[in-house]
Amino acid sequence: METFKIEGDYIELIGLLKATGIAQTGGHAKFIVEEEMVIRNGEVELRKRAKLVPGDVIEVEDITIKLT
């Protein structure tokens, strides 16, 4: 499991996907979300701009990220 430190109160889901290198572009990040590939705290997350906060756990395929 990787960790990612949020600067500020939250980070939007597509921003996290780009910042961690899971998605190469914003369009790629949107595609990943639309294809139901993102699990947030055990549930599929379909909101591209969902506000992720410290404590959230994001899973994309075999990558798991805990936000701090």
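The values are calculated or read from the model by the stated rules, or taken from the named source; none is laboratory data. Since the model is a prediction, treat every value here as computed from it, not as a measurement. So basically every Cβ, Gly included, is an ideal-geometry build from the backbone, and we count neighbours across all protein chains shown. Only protein heavy atoms, including side chains, enter the accessible area calculation; ligands, DNA and RNA are left aside. Shrake-Rupley method; radii C 1.70, N 1.55, O 1.52, S 1.80 Å.
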List every residue whose amide H lies under 5 Å from the amide H of L52, counting only residues 5 or more places away in sequence or on a different chain, with H placed 1.01 Å from N in the peptide plane.
I11, E12, L13
The stretch 33-40 - phi-based ³J(HN,Hα) in whole Hz, Karplus 6.51/-1.76/1.60, Gly and Pro as x
5, 4, 7, 6, 8, 9, 10, 10
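Tell me the GluC sites (Glu not before Pro) within the chain that lie in a loop according to DSSP and have at most 15 other beta-carbon atoms within 10 Å.
On the way: sites: E2, E7, E12, E34, E35, E36, E43, E45, E59, E61; in loops: E7, E35, E36, E45, E61.
Passing both the DSSP loop test and the Cβ count: E7, E35, E36, E61.
Rounded to the nearest percent, how much of the accessible area of the chain (1.4 Å probe, protein heavy atoms only) is carbon and sulfur?
Values: 1960 of 4160 Å².
Of the solvent-accessible surface of the chain, carbon and sulfur hold 47 percent.
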Cross-link partners among aspartates and glutamates for K18, C-alpha distance below 19 Å, same-chain residues fewer than 8 apart left out?
E2, E7, D9, E34, E35, E36, E45, D56, E59, E61, D62
Which whole-Hz ³J(HN,Hα) couplings does the stretch 3-17 yield from phi under the Karplus relation 6.51 cos²θ - 1.76 cosθ + 1.60, θ = phi - 60°, glycine and proline marked x?
10, 9, 8, 7, 8, x, 7, 7, 9, 6, 3, 5, x, 5, 4
Calculated from backbone phi, Karplus (6.51, -1.76, 1.60) coupling profile of the stretch 49-55 in Hz, x at Gly/Pro:
9, 4, 8, 8, 10, x, x
May I ask for the distance between the Cα centers of the stretch 50-68 and the stretch 6-43, given as a whole number of Å?
9 Å
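Stick to Cα atoms and the Kirkwood definition of Rh, then tell me Rg/Rh for the chain.
That ratio equals 0.91.
Given the chain, what percent of its DSSP beta bridges are antiparallel, to the nearest 5? Display every interim value, and only then the final one.
Numbers: 11 of 14 bridges.
Counting DSSP beta bridges with both partners in the chain, the antiparallel share is about 80 percent.
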In debye, nearest 20, what is the charge dipole magnitude of the chain about its Cα centre with +1 on Lys and Arg Cβ and -1 on Asp and Glu Cβ, if you could check?
280 debye
Find the accessible area per residue for the chain; the probe is 1.4 Å, ligands and nucleic acids are left out, and the unit is Å².
61 Å²
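Considering only DSSP states other than H, G, I, E and B, which trypsin sites (Lys or Arg not before Pro) in the stretch 9-62 qualify as loop sites with at most 11 other Cβ atoms within 10 Å? Mind showing how you got there, number by number?
Numbers: sites: K18, K30, R40, R47, K48, R49, K51; in loops: R47, K48, R49.
Hits after loop and neighbour filter: R49.
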